[in-house]
Amino acid sequence: MKSSTINKKEIDKFSKIAEDWWNPEGKFKPLHQFNPERIKYIKDNTIKHFNLTNKDKPFKNLNILDIGCGGGLLSEPMSRLGGNVTGIDASEKNIISAKIHAKQNNLNISYFCSSPENFKSNKKFDLVLNMEIVEHVEDVNFFIKKSSELLKKNGLMFVATLNRTLKSYILAIIGAEYILRWLPIGTHEWNKFLTPEELTNFGRKNSLLVQKIDGMVFNPLSNRWKVSRDCAVNYIIKFKKN
């Protein structure tokens, strides 16, 4: 078994564009468009799972770990929802960008340059987020194992990624990278995409039970993402720690 989940080539790729994280019209524009729907998805499912009742700060007293946090696009909304948020990323430039932006917005988020296997924490987390990260790591099974070890029993882990289908190759790589130029060419490697079945099996091996699998689709007419039954391109899995 490999002792590291870090893919240096992938880290270098995102480090080069780290200063662009908070530019809604920049290289991370698709994530900015994607963010409202995935925040709502995490929020609604988490409130339901933990029976949360605080309307203003529903995530109050929840310890949340955002793995592969990038510049903090998801960590910051989780913090605004009341969560006690920790963000980790293997790119030092990403972490610097995240820390600067959090400070500018007076948000108390703990950021560390680390991968899950190297992250030393005295606490387990109620919520672990692995969003758009598993397609960029080495040894996905080891990555899920180490992520699961940081999760409390009965805690939730959300994993969002891309399916390995012909449709995803056409839309996510040829369409998004080469034609629409939504993403820098080479952002994704199709052979590193995971099917829901593969990801489900990695979860099962590592004490994670699938609660829900949903697709995420982009509607070009409304220019918005929405939850869907179609998992052929983007999908998200809600796991519960067994």
GluC sites (Glu not before Pro), loop per DSSP, at most 15 other Cβ atoms within 10 Å - longest free stretch of the chain
26-188
Scan around residue 224 for amide H atoms under 5 Å from its own, H built in the peptide plane at 1.01 Å from N, and keep only partners 5 or more places away or cross-chain.
219
For the range 60-112, rounded, prolate or oblate, judged on the Cα gyration tensor with a ≥ b ≥ c (square roots of eigenvalues), a/c < 1.5 rounded, else prolate if a/b > b/c?
oblate
Comparing 127, 107, 74 in a Gaussian network model of the chain (Cα, 10 Å), the one with the largest mean-square fluctuation is 107
From phi via Karplus (6.51, -1.76, 1.60), per-residue ³J(HN,Hα) for the range 123-134 in Hz, x at Gly/Pro:
10, 9, 10, 6, 9, 10, 10, 10, 10, 6, 10, 4
Residue span residue 170 to residue 49: 0.36 nm per residue of separation minus Cα-Cα distance leaves a gain in nm of 40.0 nm
Given the options 114, 222, 79, which has the most mean-square fluctuation in a GNM of the chain, springs set between C-alpha atoms less than 10 angstrom apart?
222
Using alpha carbon centers only, the range 1-54 is separated from the range 203-219 by a whole-angstrom value of 16
If I compute mean projected area of the Cα convex hull in nm² from the structure I just sent, which labelled value in (i) 12.3; (ii) 15.5; (iii) 13.5 lines up?
(i)
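What full-extension length gain, to one decimal in nm, is calculated for residue 230 and residue 190 as 0.36 nm per residue of separation minus the Cα-Cα distance?
Working it through step by step, the gained length comes to 12.6 nm.
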Using modelled amide H (1.01 Å from N, peptide plane; none on Pro or chain starts), what sits under 5 Å from the amide H of residue 83, excluding residues fewer than 5 places away?
59
Suppose each label sits 7 Å from its Cα in the direction of the beta carbon; what would the residue 29-residue 212 distance come out to in nanometres?
3.1
What does the net charge come to around residue 240 if you take all other residues with beta carbon closer than 10 Å to its beta carbon, with K and R at +1 and D and E at -1?
+4
Fully extended contour minus Cα-Cα distance, from residue 121 to residue 205, at 0.36 nm per residue:
28.0 nm
GNM result for the chain, Cα springs below 10 Å: residue of 71, 87, 186 fluctuating most strongly
186
Counting other Cβ atoms within 10 Å, keep those with at most 14, restrict to DSSP loop, and tell me which trypsin sites (Lys or Arg not before Pro) in the range 201-232 are left.
229
Over the chain: helical MRE at 222 nm, DSSP H runs n ≥ 4 each giving -39500 (n - 2.57), nearest 500:
-8500 deg cm²/dmol
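Read-outs: derived from the displayed coordinates by stated rules, not from any lab. The structure presented is a predicted model; accordingly, all values stated were derived computationally and were not measured. In this analysis, Cβ positions are derived from the backbone assuming ideal geometry, glycine residues included, and neighbour counts consider all displayed protein chains.
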